[in-house]
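Asker: This structure is in structure tokens; I'll ask about it shortly.
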Amino acid sequence: MSANRLSVGASPASPNLAVQEHVLRRRSIQEVPPRFLQPVENGGVRLLILENISQEAVAAFRTLGFHVDHYTTAMSEDELVEKIPSYHAIGIRSKTKITRRVIRAAPKLLAIGCFCIGTNQVDLKAAAAAGIPVFNSPFSNSRSVAELVMSELIALSRQLVERSIELRNGIWNKKSKGCWEIRGKTLGIVGYGHIGSQLSVLAESFGMRVLFHDVINIMPLGSARQVPTLSALLSEADFVTLHVPELPETTNLISAQQLREMKAGSYLINNARGKVVDIPALVDALKSGHLAGAAIDVFPQEPGSNGPGFNDQLNPWATELRNLNNVILTPHIGGSTEEAQRMIGDEVAQALSSYLGYGSTLGAVNFPEVDLRAITAEQGTQIRICHVHKNQPGVLRQINEALSPYNVEKQYSDSKGDIAYLMADIADVSRADVNKLQELIDSTDANILTRFLV
Ligand SMILES: NC(=O)c1ccc[n+]([C@@H]2O[C@H](COP(=O)([O-])OP(=O)(O)OC[C@H]3O[C@@H](n4cnc5c(N)ncnc54)[C@H](O)[C@@H]3O)[C@@H](O)[C@H]2O)c1
């Protein structure tokens, strides 16, 4: 893998200052405007964008002066191997696999943007070893999930699914028994992170009382109250909703024992991850009438594509679950809204642009997260060094020796696993100095990839 890939940044002549500001927006709030960095070497930045990524993101890259080739479908490994060698960055969704072989075939590649939540489709280790950070957008759909839960709270407590199924079958069944307002009821949120805390605010505005349980102490929003144990939450809540990550500790977090601890006539909602609930135990609790209903959006095994795939071959209890009318079943759509897609586009485009133009790895999933205060317009003589290297002893001594003739204005480095990343801004450096420094740093044995931005 070449250690001397093109150093890139947006063209300083880019006409659209508003877009440049957009990229700078979250980088630095300072009185003196930041300087938009550009490559030491000349040459266009080429982006390969695949799948149905938001058009706004594609347009933003083009406005920044990047050359963008956009194909709306995924590419196979062979197609990618053939196509990728000339590109500096690639944007994908979940269908394109970036394997070790693809990375080996990409000598110019600087960054990968996953315009989605997950990053399983990328060989993250191979990318990091090649000095390529991978960015995604894990929290853009939090609001969409929180809103879905609100709709499920009402749909469950008003038995909307049952009434709808009956009427579709020609049965008129107007009843109020067992149907409730959610006002005044207690919502128990398990996991008070991005989604859980948003939901807390929405539920309170509906007049619900909110309890939450989390493994860390979190400042409650509004009048919500943290309870010390899961059991305390289960025994008090009329509705229990799960918003924890999938971890060994959260596998079957809700099983037969926990379902027994829930109040008689209460409801369970799982929009988190499929393995968090023991579904056969849930089916028993629903059949016995101990739980009044449930809403399930995520499953231990989910079909790979749309179509008739949610069956007993996939999950042995699928038919039994499908036959329960008091269960809302949805195909992992918690975060699937137009708004979330747009925000994902915005966030990943921003992260890619920040890395290409400024060297910031904030938000990278496979890399140490490093950022430096922006170089301001007044600091015209400064250049930025972005040095990805192996995490081994002695590197900083070698780099500091190389930088010692110059004034290092600021410097920061961090490591993650085998990879370390150093950013440094140095002043009063001539073009000849830059070439000398590049040669010096490229020749260090720990060097993976070094870029210079001016
Ligand atoms: N259904 C969907 O389409 C959809 C969309 C987005 C996210 N999700 C899932 O929702 C879940 C929550 O997402 P988020 O963005 O709010 O995550 P987050 O990381 O912001 O919050 C998770 C919270 O759970 C807490 N937690 C971890 N282990 C716990 C435990 N054993 N008990 C109690 N609390 C625990 C953490 O401390 C954290 O506060 C994740 O599993 C995510 O994958 C699903």
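Here, each number is a calculation from the coordinates, and none is a lab measurement. Here the structure is a predicted model, which is why all the values come from computation and not from measurement. Here Cβ is always computed from backbone atoms with ideal geometry, including for glycine, and neighbour counts include all displayed protein chains.
Asker: Quick check: Cα centre of the stretch 386-419 to Cα centre of the stretch 77-129, how many Å?
Answerer: With the stretch 386-419 and the stretch 77-129 each reduced to a Cα centre, they are spaced 26 Å.
Asker: Can you bin the stretch 171-259 into rounded, prolate or oblate? Criterion: square roots of the alpha carbon gyration tensor eigenvalues sorted a ≥ b ≥ c, rounded for a/c under 1.5, prolate for a/b above b/c, oblate for the rest.
Answerer: Taking the square roots of the gyration eigenvalues as a ≥ b ≥ c, the stretch 171-259 is oblate.
Asker: What translational D, rounded to a whole number of µm²/s, comes out for the stretch 142-329 from Stokes-Einstein when the hydrodynamic radius is the Kirkwood one over Cα pairs, at 37 °C and 0.692 mPa s?
Answerer: For the chosen part, D equals 194 µm²/s.
Asker: At 0.36 nm per residue, minus the direct Cα-Cα distance, what do Arg101 and Val408 gain on full extension? Give it in nm, one decimal, please.
Answerer: Result for the pair: 106.7 nm of gain on full extension.
Asker: When we measure straight from the Cα of Lys97, which aspartates and glutamates land under 17 angstrom away, once same-chain ones fewer than 8 places off are left out?
Answerer: Lys97 reaches Glu51, Glu77, Asp78, Glu79, Glu82, Asp123.
Asker: Spin-label point model (7 Å from Cα, Cβ direction): what's the Lys390 to Asn120 distance in nm?
Answerer: In this crude spin-label approximation the distance works out to 3.2 nm.
Asker: Report the full-extension gain for the segment Leu324 to Ala59: residue separation times 0.36 nm, less the Cα-Cα distance, to one decimal in nm.
Answerer: 90.7 nm
Asker: Quick one: length gained pulling Asp428 to Asn52 fully straight, 0.36 nm per residue minus the C-alpha distance?
Answerer: 130.9 nm
Asker: Can you give me the distance in nm between label points at Cys179 and Ser205, each placed 7 Å from the Cα along the Cα-to-Cβ direction?
Answerer: Roughly 2.6 nm, to one decimal.
Asker: With 39 Å as the cut-off, how large is the P(r) tail for the chain, expressed as percent of Cα-Cα pairs?
Answerer: Roughly 35 percent, rounded to a whole number.
Asker: So what's the back-of-envelope 222 nm ellipticity for the chain, counting only DSSP H runs of four-plus at -39500 (n - 2.57) apiece and dividing by all residues, rounded to 500?
Answerer: Here the helix-only value at 222 nm equals -9000 deg cm²/dmol.
Asker: Check the straight Cα-Cα distances from Lys174 and name the lysines below 24 Å, setting aside those fewer than 8 residues away within the same chain.
Answerer: Lys185, Lys287
Asker: What FRET efficiency comes out for the pair Ile171/Asn252, r = Cβ-Cβ distance, R0 = 56 Å, nearest 0.05?
Answerer: That gives a FRET efficiency of 0.95.
Asker: Next question, about the same structure. Evaluate E = 1/(1 + (r/R0)^6) for His67 and Ser151, where r is the Cβ-Cβ distance and R0 equals 56 Å; express this FRET efficiency to the nearest 0.05.
Answerer: Here the calculated transfer efficiency is 0.85.
Asker: Modelling each spin label as a point 7 Å along the Cα-to-Cβ direction, I'd like the Arg260/Arg342 distance in nm, to one decimal.
Answerer: 5.0 nm
Asker: Which order do the peptides 274-287, 212-225 come out in when sorted by mean C-beta neighbours inside 10 angstrom, highest first?
Answerer: The packing order, highest mean first, is 274-287, 212-225.
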